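The values are calculated or read from the model by the stated rules, or taken from the named source; none is laboratory data. Fair warning: this is a prediction, and the values are worked out from it, not measured in the lab. Cβ placement follows ideal geometry from the backbone for every residue including glycine, while neighbour counts extend to all protein chains displayed.
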Amino acid sequence: MFEEAVLCADLAFVLFQESNLSSEIVLPNLEMCIAEMKETVLAMAGGRSDPFGTDNSIRYVPAIKIYAFPQMRLAINNLKRRLRPTLTGGTLLYVWCLHYTEYCEGLVGEMENQERTLTKAIHLMTITFSRNARKHRVFAFLHHNLDVMYFKRNRLLKSFEHFTIAVKAKPKATD
């Protein structure tokens, strides 16, 4: 069942990658493929993981690392290649895709990769949207996940810092 979902997403990625369609058509569909891949990884991991340490994804970790992550990264690179620097909607889609990827990295215990992806996404949001970054839900989600990741690594001051940002940003989100 999971293999079919991974292959389906793979086919969608290839079709979109080879497409001559406009970015306005391709970008949302690539984002949808990555979101579906996240749902597949979540199912492979046995449902929602306990954010405070329970790892119920042991059985499928090799499949996730071999099939899901490369496809997610391929789609993200395709998004990056198609984005125009002034296309803030495209940047927001790109950040959502980074969020889906970091979430999956956290599910399978790739905390170093998760931290890198989170930091990259937060940096991109800060550069693109400046103070308006807090108006997007994904900004709060990114800081929340960074909070949880630091908590798991016993870096409590960093955890609290990102927890505070997430709590302050969430009510300001308008999308």
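Hey, does region 167-175 have a residue that's surrounded by 14 or more Cβ atoms within 10 Å (Cβ to Cβ) and acidic (Asp, Glu)?
Taking every residue of region 167-175 in turn, none turns out to be surrounded by 14 or more Cβ atoms within 10 Å (Cβ to Cβ) and acidic (Asp, Glu).
Considering only residues that are outside any helix (DSSP H, G or I) and modelled with pLDDT under 90, look in region 86-145 and name the one that is farthest from the chain's Cα centre (by Cα).
Among them, the one singled out is THR86.
Quick check on region 94-135: of everything there that is in contact with an Asp or Glu (Cβ under 8 Å, 6 or more places away or on another chain) and surrounded by fewer than 22 Cβ atoms within 10 Å (Cβ to Cβ), which residue is farthest from LYS80 (Cα to Cα)?
The qualifying residue farthest from LYS80 (Cα to Cα) is GLY109.
How many of the residues in region 99-143 are within 16 Å of VAL167 (Cα to Cα) and either in contact with a Cys (Cβ under 7 Å, 6 or more places away or on another chain) or of a type in the set (S, T, N, Q) (or both)?
Adding up the residues that qualify gives 1.
Considering each of MET32, MET44, MET72 in turn, give the residue that is at pLDDT 75 or above, buried (at least 21 other Cβ atoms within 10 Å of the Cβ) and among the aliphatic types (A, V, I, L, M).
MET72
Output the number of residues of region 76-85 satisfying the condition of being within 13 Å of the chain's Cα centre (by Cα) and at pLDDT below 70.
Total satisfying the criteria: 0.
State whether the residues of region 93-105 include one that is in contact with a Lys or Arg (Cβ under 7 Å, 6 or more places away or on another chain) and over 23 Å from LYS38 (Cα atoms).
No, region 93-105 has no match at all.
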